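Just so it is clear, none of the values below were taken in a lab; they were calculated from the coordinates. Note that the structure is predicted; figures quoted are calculated from it, not measured. Glycine also receives a Cβ, built like all others from the backbone with ideal geometry; neighbour counts cover every protein chain displayed.
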Amino acid sequence: MILDCNSSTFFEIREKNIMSELTDELQKNKPNENVLSKILRKLGDSELLITFKYLEAIGYSDGENCVKQVYVRRRKNADCRSSFAKEIFNKTNSTALDILPPYSFIIEFDFTLEKPYISKDDENFTIIENSIKREKILDCPYIPGSTWKGCLRSALWHEGMKEDDEQITRIFGNERLTNESFRQGRLHFFPSFFDKVDYEIVNPHDRKTRAGTVPILIESIPLGTNSKFSLLYVPFDLAGKEKEESAKQMLEDLKVIAKGIEAMFTVYGFGAKTSSGYGIASNNVRNGKVYTDMSVNLERENEAMKLPENFRKYLNENGTVKGELVDNATGTLLSNKKFQKQKTEHGFLSGDEFSKFKRWYEENGKSYMDSLRVKDSSQNAGEFSSFAELIDLTKAIADMNAQPDTAGGNPDE
């Protein structure tokens with residue numbers, strides 16, 4: 001816990017007679033917990049910490065427990081001040097791809113804890129021995145990017161991928177043994193912040209009495225809590241490589257990462273005590289998106305592929321009908337009668353085929369033109385609402401873009 005600038009020192013607390021009141025009550029045979037709580041409520045969180053360490057040093061266990069109770073009740077109902085952090089750190093969207101190398105992508109979604117999340121803070125000067133990890137400046141509970149990276153790598157290891165696998169190394173990087181062998185990974189993770197905390201209680205039992213008398217508090221994030229997960233993939237090491245190889249590696253990595261995300265969130269967990277079932281999220285997510293410069297708008301892209309080959313001669317490259325097939329007076333397609341008069345002049349042969357084309361264009365023309373605009377877009381976003389859908393989406397993206405002549409193509413073309 002960080003001592004804020006307004007905290008009173010131990011000497012100032014003592015001068016206000018708070019320590020005297022507290023000590024007098026603790027020296028009684030049966031200290032009144034209500035009185036102790038009333039005295040302690042005069043102190044801020046940081047001042048509670050100073051008082052707790054003082055009582056710990058002089059051996060007042062009753063006072064320590066009372067401080068813990070006051071602190072726990074206060075923290076459970078407190079605003080964790082994570083709204084500012086979420087506003088600052090969760091600003092990812094497709095516009096980031098405009099300044100990133102080709103074949104970069106972003107995966108983001110809002111997840112819900114199905115089991116409590118536990119972690120270990122680096123700060124030792126605390127009231128609760130097992131406190132949740134907090135952001136150093138804002139003091140709100142969070143999961144740092146380094147934790148996400150380690151948990152995702154562990155999940156893929158459990159799924160059978162080897163630690164020294166080339167794909168794992170290029171995604172996550174390797175240990176810096178020497179500058180020559182060090183390789184930075186392509187994945188970058190954003191922190192996830194939480195709004196509230198709760199406490200798990202572990203009560204170890206005595207082997208003889210088979211009863212627990214010293215319950216241990218573990219600060220946690222309760223089940224049902226929501227947060228946001230975001231990662232960024234930047235293949236900086238593919239600069240100057242062949243487009244086909246770059247696209248192939250990116251699509252392979254996309255599928256593996258999606259598989260690892262599902263395993264981490266729903267099977268193996270993240271944070272501490274995952275072997276005991278902590279750190280599991282619901283399979284359903286909200287606002288799930290994959291941003292990439294590859295073609296991901298599957299529904300529209302598939303519509304583009306439904307264009308019958310023999311209809312292409314009636315259309316321009318942007319999907320509009322060729323000018324000679326439009327009636328200047330009405331702005332609509334030529335009637336069958338007018339087409340019959342002009343077909344030979346413009347090199348068209350079959351009136352029956354044009355009639356079929358008109359019916360197709362009336363039903364599909366707008367969606368076909370929309371699909372071509374998607375093809376030219378460098379800011380495509382695929383959506384998903386579960387981890388299963390994320391895996392299906394990434395597989396579909398990979399299958400579509402692996403075909404050289406399909407809509408979407410390479411982003412550099």
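Before moving on, here are some points about what is shown:
- Förster radius 51 Å - calculated FRET efficiency between Lys30 and Phe84 (Cβ-Cβ, nearest 0.05): 0.70
- Sequence-distant contacts, meaning Cα pairs under 8 Å at least 6 residues apart, place the relative contact order of the stretch 67-200 at 32 percent.
- In plain terms, if you count all Cα to Cα distances in the stretch 135-264 and split them into 5 Å steps from zero, the share in each step is 2, 8, 14, 16, 14, 12, 10, 9, 6, 4, 3, 1, 1, 0, 0 percent.
- Charge dipole of the stretch 108-200 (Cα centre as origin; +1 on each Lys and Arg Cβ, -1 on each Asp and Glu Cβ, all else neutral): 280 debye, rounded to the nearest 20.
- Among 211-221, 64-74, the order from most to least packed when residues are scored by Cβ within 10 Å on average: 64-74, 211-221
- Taking amide H as placed 1.01 Å from N in the peptide plane, Asn130 has its amide H under 5 Å from the amide H of Glu219, each at least 5 places away in sequence or on another chain.
- For Phe384, distant residues with modelled amide H under 5 Å away: Gly288, Lys289
- Nonlocal amide H pairs with Tyr199, under 5 Å, H built at 1.01 Å: Ser220
- Stokes-Einstein diffusion coefficient of the stretch 114-171, Kirkwood radius over Cα pairs, 25 °C, 0.890 mPa s, in µm²/s: 179
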